[in-house]
Structures are given as C-alpha cells and as structure tokens.
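> A single structure is presented below for examination.
The values are calculated or read from the model by the stated rules, or taken from the named source; none is laboratory data. Computed from a predicted structure; not experimentally measured. All Cβ positions, glycine included, derive from the backbone under ideal geometry; neighbour counts span all protein chains shown. SASA here: full protein model, heavy atoms, side chains in, ligands and nucleic acids out. Shrake-Rupley method; radii C 1.70, N 1.55, O 1.52, S 1.80 Å.
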Amino acid sequence: MSTTLDVSRRAAAQAQPNIALIKYWGKRDLRLNLPVVGSLSITLDTLWTRTEVRFDDALSADTMTLNGKVDAKQLKRTSACLDLLRARAGVTSRAEVISENNFPTGAGLASSASGFAAMIMAGDAALGLKLTPAEQSVLARRCSGSAARSIFGGYVEWAHGQQADGEDSVATPLLEASAWPLSVAVAITSTAEKAIGSTVGMNRTADTSPYQQAWIDSQDADLAEARAAIAARDFERLADISEHSCLKMHALALAAKPGLLYWNAATVAAMHCVRSLRAKGVPVFFTIDAGPQLKAVCLPSAAAAVAAALREVPGVLNVVETGLGGPARLIAVADLAAA
Ligand code: DP6
C-alpha cells in the first residue's frame with residue numbers, strides 16, 4: 001500500500017559520463033529498456049553530473065532544474081525515473097530534482113548516462129532504499145540504457161541479459177581505472193542539441209536497417225575481443241576492436257530509412273586526424289556516439305600531442321581532456337550548491 005513520507009528527504013550524488021567502446025544500439029524490450037546487445041565502456045573522471053533529489057510531501061508535482069533553468073523537456077523522463085524509486089519505496093511523494101552538468105547536454109556526451117545514474121543514486125539515498133550497486137544499475141538502465149554503466153567506474157560491461165524481466169541486464173565493473181589508466185580527448189564540434197536522440201535513432205534502425213541482424217550476430221565476438229584486450233592491457237587490440245564497433249554502429253544507423261548521419265565535417269576531419277596520428281605510431285583511436293563529438297582514446301603519454309592535433313582540426317571548437325574515473329558516489333548537498 002502506498003504511503004507518503006513524513007519528513008522531507010534529500011540527498012545528492014555525482015556520476016560521470018561513460019563512453020562505449022563496444023556500442024549499445026537497439027532494444028529487445030522497449031518498456032523495460034532492455035538492449036539487444038551487450039556493451040562495454042570506460043567511465044570518465046573530470047566531466048560530471050551532480051544531482052540533488054528532495055522528496056517532499058508538500059510538493060504537488062515533480063520539478064526538474066538543469067544548470068539553473070527549469071527543464072520542462074526532461075521532466076517526463078525524470079518523473080518516470082522517480083516513479084521507479086517511489087515504487088521501490090512504496091511512497092507517492094513528489095520530488096524536486098536539481099542537476100548540474102559541467103559539459104554540454106544532449107550533444108553526444110552521454111549526459112543521460114551520468115544524469116540518470118546520479119539521479120538513481122541520490123534518490124536511493126533520499127528514500128533510504130539502500131540498493132546495491134547492481135540494483136542501482138538495473139534502475140538506471142530503465143531510465144537510459146547507458147546510465148546502467150555509469151554507476152561503476154573504470155572499464156564496465158553491461159550484459160544484454162536473458163531474462164524477460166530484465167533483472168540480469170545489469171552492468172558490472174571489469175577493471176578499475178587505476179589498473180589501466182587511459183586518457184580521453186573529447187573534440188567538441190558542435191554544442192547544439194542533437195537532432196535525433198539515441199532512443200528514436202535506435203528504434204528507427206531496428207525497424208528499417210537491413211544490417212540489424214548482422215549487428216546483433218557479431219556483437220558477442222566484439223565483446224570477447226575487447227575483454228581480452230583489456231585483460232592483456234593490449235592497446236592496439238583495444239583500438240582495433242573499438243574503432244570497428246564504432247564504425248559498424250554508424251554503418252548500421254546510416255543504412256536506416258531515412259539514414260541517420262550523426263557526423264558533421266569536423267567529426268570526419270577529426271577521424272582522419274586520429275587515423276593519421278595512429279599511422280605515425282601514436283597510440284590513439286577514436287570513437288563516436290549518437291552525436292558529432294569525437295572521443296580520442298589514447299595512452300596517457302600521447303595525451304598532450306593528441307589534444308594539440310585535434311585543436312588544429314578545422315571546425316573543432318574545443319578539446320576537453322580527461323582520464324578514467326571512479327564510480328558514481330554520494331556527495332554533500334552543499335557540494336552541489338557550490339558547483
Ligand atoms: C550511441 O543510453 O542514450 O551512446 O537507452 O534509449 O536512453 P536510451 O539510449 P542511450 O544510448 C546510447 C547509445 C550510444 C552507444 C552507447 O553508449 O553504448
């Protein structure tokens with residue numbers, strides 16, 4: 001039976017975006033947000049979402065503020081996420097959600113991943129649910145698939161799972177960031193919101209791309225290859241399989257009707273830049289998600305040269321350098337106010 005909370009409860013959490021090296025694209029269950037393939041990612045460190053969730057019986061509706069502005073567009077997904085937490089706690093109280101990103105939202109930098117991971121973790125603490133990280137990952141997945149991976153740090157794999165209820169479609173950490181620290185340079189080529197979000201893009205792909213089955217059939221081998229490369233700390237091997245997965249996902253989406261073209265001219269120029277660095281022996285590879293930013297992943301010894309080369313690419317507006325980071329964590333509410 002539903003009850004309301006007798007006191008107002010709040011908590012705040014920070015989560016970092018993750019970048020998939022072996023991509024998630026496609027859903028096997030829309031309602032439970034179950035993926036058609038497993039995926040593998042790295043969690044970043046200097047980019048973050050910080051989110052405070054405050055449940056309060058005095059509120060008549062959920063509210064969502066992002067970077068100081070009321071965000072009506074995100075409210076539906078926010079409320080759906082809060083509903084999952086409310087159902088777990090058996091409460092009906094509405095909540096105020098205040099969120100800050102230190103990077104552009106909705107431009108292919110996985111703001112939904114860090115956003116929903118932080119929201120689930122803060123909401124869990126605010127309601128005193130005491131969920132395990134795996135349980136948090138399952139709930140975060142329901143909000144946005146890639147958010148399942150941002151609960152954890154370092155190298156993370158999210159299983160597509162077998163169960164119809166999706167409880168085994170959960171992320172697990174493979175290796176801590178400190179065990180193989182890589183660097184990432186994010187080449188920002190546009191700060192506009194992307195035209196076609198991941199959910200719409202992947203559903204259109206599943207409905208119309210002739211390559212969907214080949215994508216599904218080849219994913220397990222790609223995951224095994226990436227896992228082996230990470231276990232062996234074999235950069236070249238990880239580079240080859242990661243670029244392959246990225247280009248395969250985009251080829252799949254390009255073949256949808258109408259075709260999904262997430263790149264702009266600067267994205268393509270940046271791909272050539274990374275390829276030419278690699279041909280000269282620089283340990284670097286690229287990956288690109290459902291947006292125009294290019295993420296160059298490299299060994300830390302090459303980070304400065306890679307960032308400098310990307311800054312010279314025509315159309316690259318900015319290059320953000322980061323390393324690999326830890327898991328989502330609770331923070332003091334005051335830390336958010338200070339952000
Ligand atoms: C290209 O996790 O944003 O970044 O589950 O519909 O919210 P929804 O999709 P989302 O998709 C991310 C797609 C990707 C690849 C990846 O992160 O694995």
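> Which of (1) in contact with a strand residue (DSSP E or B) (Cβ under 7 Å, 6 or more places away or on another chain); (2) more than 16 Å from the ligand (Cβ to nearest atom); (3) outside any helix (DSSP H, G or I) does A239 not meet, given it meets every other one?
Result: A239 fails condition (3) only.
> Within segment 117-129, can you find the residues that are buried (at least 21 other Cβ atoms within 10 Å of the Cβ) and either away from the ligand (no atom under 16 Å from the Cβ) or farther than 19 Å from I331 by Cα (or both)? Lay out the reasoning, then the answer.
Pass one, segment 117-129, residues buried (at least 21 other Cβ atoms within 10 Å of the Cβ): 117-124, 126-127.
Hits for segment 117-129 are M121, A122, G123, D124, A126, L127.
> Being touching a strand residue (DSSP E or B) at 6+ places or on another chain (Cβ under 7 Å), away from the ligand (no atom under 16 Å from the Cβ), open to solvent by 40 Å² or more (accessible area, probe 1.4 Å) and farther than 18 Å from Q14 by Cβ is true for just one of A87, A72, A61. Which residue is that? Walk me through it before giving the result.
On the way: A87 fails: touching a strand residue (DSSP E or B) at 6+ places or on another chain (Cβ under 7 Å); A72 fails: touching a strand residue (DSSP E or B) at 6+ places or on another chain (Cβ under 7 Å).
Exactly one residue qualifies, and that residue is A61.
> Take R141 and decide whether it is basic (K, R), within 16 Å of the ligand (Cβ to nearest atom) and farther than 30 Å from A270 by Cα. Walk me through it before giving the result.
On the way: basic (K, R): yes; within 16 Å of the ligand (Cβ to nearest atom): yes; farther than 30 Å from A270 by Cα: yes.
It is true that R141 is basic (K, R), within 16 Å of the ligand (Cβ to nearest atom) and farther than 30 Å from A270 by Cα.
> On to the next question. Can you tell me which residue in segment 51-76 is modelled with the highest pLDDT, limited to those that are within 20 Å of the chain's Cα centre (by Cα) and of a type in the set (D, E)?
E52
> Can you say whether V170 is farther than 30 Å from G315 by Cβ, touching a strand residue (DSSP E or B) at 6+ places or on another chain (Cβ under 8 Å), among the aliphatic types (A, V, I, L, M) and at pLDDT 95 or above, as far as the supplied structure shows?
Details: farther than 30 Å from G315 by Cβ: yes; touching a strand residue (DSSP E or B) at 6+ places or on another chain (Cβ under 8 Å): yes; among the aliphatic types (A, V, I, L, M): yes; at pLDDT 95 or above: yes.
Criteria met by V170.
> Out of segment 130-174, which residues are of a type in the set (V, I, T) and either open to solvent by 50 Å² or more (accessible area, probe 1.4 Å) or in a helix (DSSP H, G or I) (or both)? Don't jump to the end; show me each part of the working.
At the first step, the residues of segment 130-174 found to be of a type in the set (V, I, T) are 132, 138, 151, 156, 170, 172.
Answer for segment 130-174, where residues must be of a type in the set (V, I, T) and either open to solvent by 50 Å² or more (accessible area, probe 1.4 Å) or in a helix (DSSP H, G or I) (or both): T132, V138, T172.
> Give all pairs with beta carbons closer than 7 Å in which a residue from segment 185-213 that is without any contact (Cβ under 8 Å) to a residue 60 or more places away in the chain meets a residue that is open to solvent by less than 40 Å² (accessible area, probe 1.4 Å) and of a type in the set (K, R); count only pairs at least 6 apart in sequence or on separate chains.
Close Cβ pairs satisfying both conditions: none exist.
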